[in-house]
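Shown next, in structure tokens, is the structure this report addresses.
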Amino acid sequence: MKKTLIVLIFLTFVLVSSVFIFDKYYMPLSCILSDLSSCIQKASESQSAGLIKRVCDKLQEDKCIELLGILHSRAMDNLIPPVSNEYCNRSESAFCAFSSIAYSISGDRKNAHIFAQKGCELNEGVSCAILAGIELDEDKSEEALRTSLKGCLLNSAAACAIAGTIMIEKGEEKEGMQFIDRCCQLGGEDCCE
């Protein structure tokens, strides 16, 4: 009887430990047993790019984007590229902007440019706005204007703001203000002032 009790205690310990390790390092149990918001919350608190990647693989694209947005809002951008790069390279354009922003924040201008360009080529407006900003920093205003016009056509408020600002600086105030107005219509509050 005593040996059976020891074996049961040992097995219980192993089972509880396994569940704890599975929850913490592989996949939060909330992703399996609970609602999606709990899963996203637990993954965003994990500080593990591998765990975030596994959770994203389980989620629908918009929920994975929501998770990356939470990471960005918490200044955890270093955890974003291991997830977003792979999705961007699979031509899932919304993820390219996340990679580009994360690389920009870390000071990696080369990769920021690569992922912004890829996203813009995949017709993702935010990526076009980021690429236009990079081109402006490189004193390539003509390229930045073309890129920002494309982004504005793809409904990026930031891209419209960049296009409008470039045109106003070139002396094309009327046309530039039309893009600033478009930025406001797309929700760019700074453009509405």
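The values are calculated or read from the model by the stated rules, or taken from the named source; none is laboratory data. All figures in this text were calculated on a predicted structure; none of them were measured in a lab. As a convention, Cβ positions derive from the backbone with ideal geometry for all residues, glycine included, and neighbour counts pool all protein chains shown.
General remarks:
- Residue within the range 124-140 that is polar (S, T, N, Q), touching a residue at least 24 places away in the same chain (Cβ under 8 Å) and surrounded by 24 or more Cβ atoms within 10 Å (Cβ to Cβ) present: yes
Quick grid of which residues meet (1) within 26 Å of the chain's Cα centre (by Cα); (2) modelled with pLDDT under 95; (3) more than 23 Å from GLY107 (Cα to Cα); (4) of a type in the set (Phe, Trp, Tyr):
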residue: LEU136; (1), (2), (3), (4): yes, yes, no, no
residue: ASP139; (1), (2), (3), (4): no, yes, no, no
residue: GLU143; (1), (2), (3), (4): yes, no, no, no
residue: GLU175; (1), (2), (3), (4): no, yes, yes, no
residue: ILE180; (1), (2), (3), (4): yes, yes, yes, no
residue: LEU186; (1), (2), (3), (4): yes, yes, yes, no
residue: GLU189; (1), (2), (3), (4): yes, yes, yes, no
residue: GLU193; (1), (2), (3), (4): no, yes, yes, no
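- A single entry from ILE105, ILE101 fulfils the requirement of being more than 10 Å from the chain's Cα centre (by Cα) and β-branched (Val, Ile, Thr): ILE105.
- In the set (1) out of contact with any Lys or Arg (no Cβ under 8 Å at 6 or more places or on another chain); (2) surrounded by fewer than 22 Cβ atoms within 10 Å (Cβ to Cβ), the condition left unmet by SER44 is number (1).
- Single condition GLN178 does not satisfy, out of (1) assigned to a helix (DSSP H, G or I); (2) within 24 Å of GLU61 (Cβ to Cβ): (2)
- Meets criteria (crowded, with 22+ Cβ neighbours inside 10 Å, more than 15 Å from the chain's Cα centre (by Cα) and of a type in the set (Gly, Ala, Ser)) for ALA112: no
- Conditions (1) surrounded by fewer than 20 Cβ atoms within 10 Å (Cβ to Cβ); (2) farther than 30 Å from GLN178 by Cβ; (3) hydroxyl-bearing (Ser, Thr, Tyr): number failed by SER84: (1)
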